[in-house]
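Novice: I have a structure I would like to understand better, so I am pasting it below and will then ask my questions one at a time.
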Amino acid sequence: TDFCGPPKTIPHASLRLNKQYYLGQVLHFKCQSGYDKRSPTSGTRTCQKVNGQITWTPLNMQCTNDSS
């Protein structure tokens with residue numbers, strides 16, 4: 001079976017971590033309380049195989065408590 005390694009974490013975002021990440025698995029990230037001023041405030045990453053490389057799809061969420 002094909003497995004992804006652990007995904008990179010995102011500052012101030014929470015993720016329920018598993019022990020194994022398998023091909024096709026979808027991870028749901030959510031900004032921690034107080035860090036959701038910029039959209040999007042949640043997102044997903046999927047473990048997939050691209051050109052023979054197993055990788056996580058990019059995640060374009062930002063968690064910040066900036067007032068600007």
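Novice: Please enumerate the residues belonging to the range 16-33 that are open to solvent by 40 Å² or more (accessible area, probe 1.4 Å) and either assigned to a loop (DSSP other than H, G, I, E, B) or free of Cβ contacts under 8 Å to residues at least 24 places away in the same chain (or both).
Specialist: Matches in the range 16-33: Arg16, Leu17, Asn18, Lys19, Gln20, Leu23, Gly24, Val26, His28, Lys30, Gln32, Ser33.
Novice: Just name the residue that is farthest from the chain's Cα centre (by Cα) out of those in the range 1-15 that are assigned to a strand (DSSP E or B) and over 14 Å from Thr64 (Cβ atoms).
Specialist: Selected residue: Phe3.
Novice: Looking only at the range 34-49, filter to residues that are under 15 Å from Cys4 (Cα atoms) and β-branched (Val, Ile, Thr); which one of those is most open to solvent (accessible area, probe 1.4 Å)?
Specialist: Keep residues of the range 34-49 that are under 15 Å from Cys4 (Cα atoms), which gives 44-49.
So of that shortlist, the ones also β-branched (Val, Ile, Thr) come out as 44, 46.
Working: Thr44: 63, Thr46: 39 Å².
Residue satisfying both the conditions and the ranking: Thr44.
Novice: Which members of the range 50-64 meet the condition of being closer than 12 Å to Cys4 by Cα and not in a strand (DSSP E or B)?
Specialist: Residue satisfying the conditions is Thr57 alone.
The values are calculated or read from the model by the stated rules, or taken from the named source; none is laboratory data. Quick caveat: nothing in here was measured; it's all calculated off a predicted structure. With ideal geometry, Cβ positions are generated from the backbone for all residues, glycine too; neighbour counts draw on all protein chains shown. Quick note on the areas: whole protein, heavy atoms, side chains included, nothing else; ligands and nucleic acids left out. Shrake-Rupley method; radii C 1.70, N 1.55, O 1.52, S 1.80 Å.
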